[in-house]
Amino acid sequence: MPVRGILLSLSFLALVTVVLAFVTGLMPYAQVLAQDEAVRIDSLSLKVGEQGSVDLQALNIGSPGLGSWSIDIIYDPAVVTATACSPRAGSVCNAQFAGDTVRVTGASASGHVGDTTLASITFRCDEEGSSALILSLGVLADATIGGPQDIDATTQHGTVACIGRPTGPSASPVPVASPTPSASRPPRRSASGH
């Protein structure tokens, strides 16, 4: 019996060792999954008539870094209007690329590693409702010299929510009452005429 107990203990210890080796072997893989490359645009909530900006970002880009990009942001022009686009990190952007699209393109010979803001886009809420901000990745390549490689990034779309009308003074002119004529006597003159 004691030999059998020792064998069971050794078998259990071997099983625990195999399980621990398996789990710790998966840890680096889980960390890689948690850090997938992505392109993301923020979300925003505004009142109708107000403007606000959202950032377009490349996230978790590994070495050699982001080398070139061409990204379209597609929106609903019945709800919002893109009024401006401020480029960042070597980008060029066009807020009026199409009636429903902002385009951001750029390049970096040294590559952008990690998280990088590529542009800041300003939208104005024209009507109550919601507009999805859909990302379309035309080009997303790394900075490998002589042979850039495609970056297989996920997209994280955004939204602009337009709620109600702004509060405060009305933009409409308010009629002002005109003075009403009143009956009054002309001033009296003295007998001397002065």
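The values are calculated or read from the model by the stated rules, or taken from the named source; none is laboratory data. Since we're looking at a predicted model, the values are computed, not measured. Virtual Cβ from ideal backbone geometry, glycine too; neighbours counted across all protein chains shown. Side chains included, ligands, DNA and RNA excluded: accessible areas come from the protein's heavy atoms. Shrake-Rupley method; radii C 1.70, N 1.55, O 1.52, S 1.80 Å.
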*When the residues of the stretch 60-92 are filtered to those that are part of a strand (DSSP E or B), of a type in the set (A, V, I, L, M, F, W, C) and open to solvent by 30 Å² or more (accessible area, probe 1.4 Å), which remaining residue is farthest from V160 (Cα to Cα)?*
V92
_Filtered residues of the stretch 137-160 (kept if surrounded by fewer than 13 Cβ atoms within 10 Å (Cβ to Cβ) and assigned to a strand (DSSP E or B))_ = G138, D150
*For the stretch 93-108, what are the residues that are of a type in the set (A, V, I, L, M, F, W, C), surrounded by fewer than 20 Cβ atoms within 10 Å (Cβ to Cβ) and either over 15 Å from S68 (Cβ atoms) or modelled with pLDDT under 95 (or both)?*
A95, F97, A98
_A119, sole failed condition from (1) assigned to a strand (DSSP E or B); (2) open to solvent by 40 Å² or more (accessible area, probe 1.4 Å)_ = (2)
